[in-house]
Amino acid sequence: MPHLENMVLCREPQVSTLQALFGERHHFSFPSIFIYGHTASGKTYVTQTLLKTLELPHVFVNCVECFTSRLLLEQILNKLNHLCSSEDGCSTQVTCETFNDFVRLFKQVTKAESLKDQTVYIVLDKAEYLRDMEANLLPGFLRLQELTDRNVTVLFLSEIVWEKFRPNTGCFEPFVLYFPDYSIGNLQKILSHDHPPEYSADFYAAYINILLGVFYTVCRDLKELRYLAVLNFPKYCEPVVKGEANERDTRKLWRNIEPHLKRAMQTVYLREISSSQWEKLQKDDTDPAQLKGLSAYTHVELPYYSKFILIAAYLASYNPARTDKRFFLKHHGKIKKTNFLKKHEKTSNHLLGPKPFPLDRLLAILYSIVDSRVAPTANIFSQITSLVTLQLLTLVGHDDQLDGPKYKCTVSLDFIRAIARTVNFDIIKYLYDFL
């Protein structure tokens, strides 16, 4: 189909394989198809485009949204029910507790006249989340055609290989289809396809070539590259708009865009600032140091409470213990800094370095800064151990000390400010050195 080829670029082998598997509308298709590949390799887009273009009856469900088996099964049935009753204009909500009920209700729903003599397709996106649900769910979906005796095909879309899915007890083997990463030539073709109508295709293709030359080594994600292309294109066009260069003057255009692309390298995969803020920085030619923050620490991803534990540890390391009452007690009365400032404490605590603190002080500060009540469970203690393993905290002394372990926080001020920003916590207000 020529129309389909224009919509789905650089995925011709996968499209032809899927079309061959789907066959005619009334043919029995393969019971289950497992499609895998890295993120932004076109799995979801190709599947959805193919099913919509061929006008095949299908249900698309995201397993991240349906995080329990009941939500997942009900979503499939209700979407199918809506598909059948869209002509009648009335549909009822279906409730389903178990997979056994799902098989029975699925048979009832697919009896509808509109679904007779044609294959129904169920697409499960982010299928890797099925592994965290009931053990019978994955084998059941793989054999759904056999269990329901209906013409149905289940498509699993995942970033994980099939070997990671296969249950130890064995199961029906699906047809496995791999979507490889886009090559630099594929990305060039796909991104060039989005050129604005006011500029020539060759001009935009030259810009995409420059963009990929800078970013391809660090980023292969099509969505991210597309976002970067849209974000930086106005700056590339600036000399042409001002009349300082023409579309073919690539050297001048490159000199103009090069510093801005280098600056954009600091925020790849990151939404530390919005697109409007980024454009404002470009217009003002602001120093890239203003973007400093999380971008230097993209390799650190911590759970919610681990961030607060790290913040509490930093406060315990850099605040004198006798100031805790002033910072963390709600009804402490008026305490001026001069009342508890000693003569020998004129030196900044940040210059002296982190000081060790006991575990009970860390937990006391943690309970004070977290809004919701946190129980001192094994989960909290295991997160402290994880922070030590990551070398964000250091254990001081020996494990067998009778008075309990002591820790030091080893992260910098920039790092902790970036972490605090992600949980909307103003750490500067709680630091003794910044009073």
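When only the Cβ of Lys, Arg, Asp and Glu is charged (+1, +1, -1, -1), the dipole of the stretch 133-253 relative to its Cα centre reaches about 220 debye. For Ala245, the residues 5 or more places off, or on other chains, whose built amide H falls under 5 Å of its own are Val240. Pairs over the 30 Å Cα-Cα cut-off, from the set Lys79/Lys307; Lys262/Lys429; Lys189/Lys235: Lys79/Lys307; Lys262/Lys429. Remark: relative contact order (the stretch 207-267) = 36 percent; criterion is Cα-Cα distance under 8 angstrom and separation of 6 or more residues.
With each label modelled as a point 7 angstrom along the Cα→C-beta vector, the Glu258-Thr394 pair spans 4.2 nm. Amide hydrogen proximity for Val396: with H placed 1.01 Å from N in the peptide plane, the residues at 5 or more positions away or on another chain lying under 5 Å are Lys406, Tyr407, Lys408.
Rolling a 1.4 Å probe over the protein chains gives Glu258 an accessible area of about 60 Å². Candidates Ser183, Thr148, His195 compared by Cα position along the dipole of the stretch 117-201: farthest toward the positive end lies Thr148, with charges placed on Cβ. The listed residues Met7, Met133 rank as Met7, Met133 when sorted by accessible area, largest first, using a 1.4 Å probe. Remark: the stretch 167-227 carries a charge dipole of roughly 60 debye about the Cα centre, counting +1 on each Lys and Arg Cβ and -1 on each Asp and Glu Cβ.
Across the stretch 117-272, the mean sequence separation of Cα contacts (distance under 8 Å, 6 or more residues apart), normalised by length, yields a relative contact order of 16 percent.
Under 5 Å between amide hydrogens, built in the peptide plane, is the criterion, and for Val59 it picks out Tyr121, Ile122, Val123 among residues at least 5 positions away or on other chains.
Where in the stretch 213-245 does the label zone of Glu198 land, with the point 7 angstrom along Cα→C-beta and an amide N cut-off under 18 Å? Answer for this model: 229-245.
Once both labels are positioned 7 Å from their Cα atoms along Cα-to-Cβ, the gap between Glu244 and Ile428 label points is 3.4 nm. Here the gap between Ile380 and Gln108, fully extended at 0.36 nm per residue and compared with their Cα-Cα distance, gives a gain of 93.1 nm.
The values are calculated or read from the model by the stated rules, or taken from the named source; none is laboratory data. Everything quoted here is computed from the prediction, not taken from an experiment. As a convention, Cβ positions derive from the backbone with ideal geometry for all residues, glycine included, and neighbour counts pool all protein chains shown. The accessibility values were calculated without ligands, DNA or RNA, using every heavy atom of the protein model including side chains. Shrake-Rupley method; radii C 1.70, N 1.55, O 1.52, S 1.80 Å.
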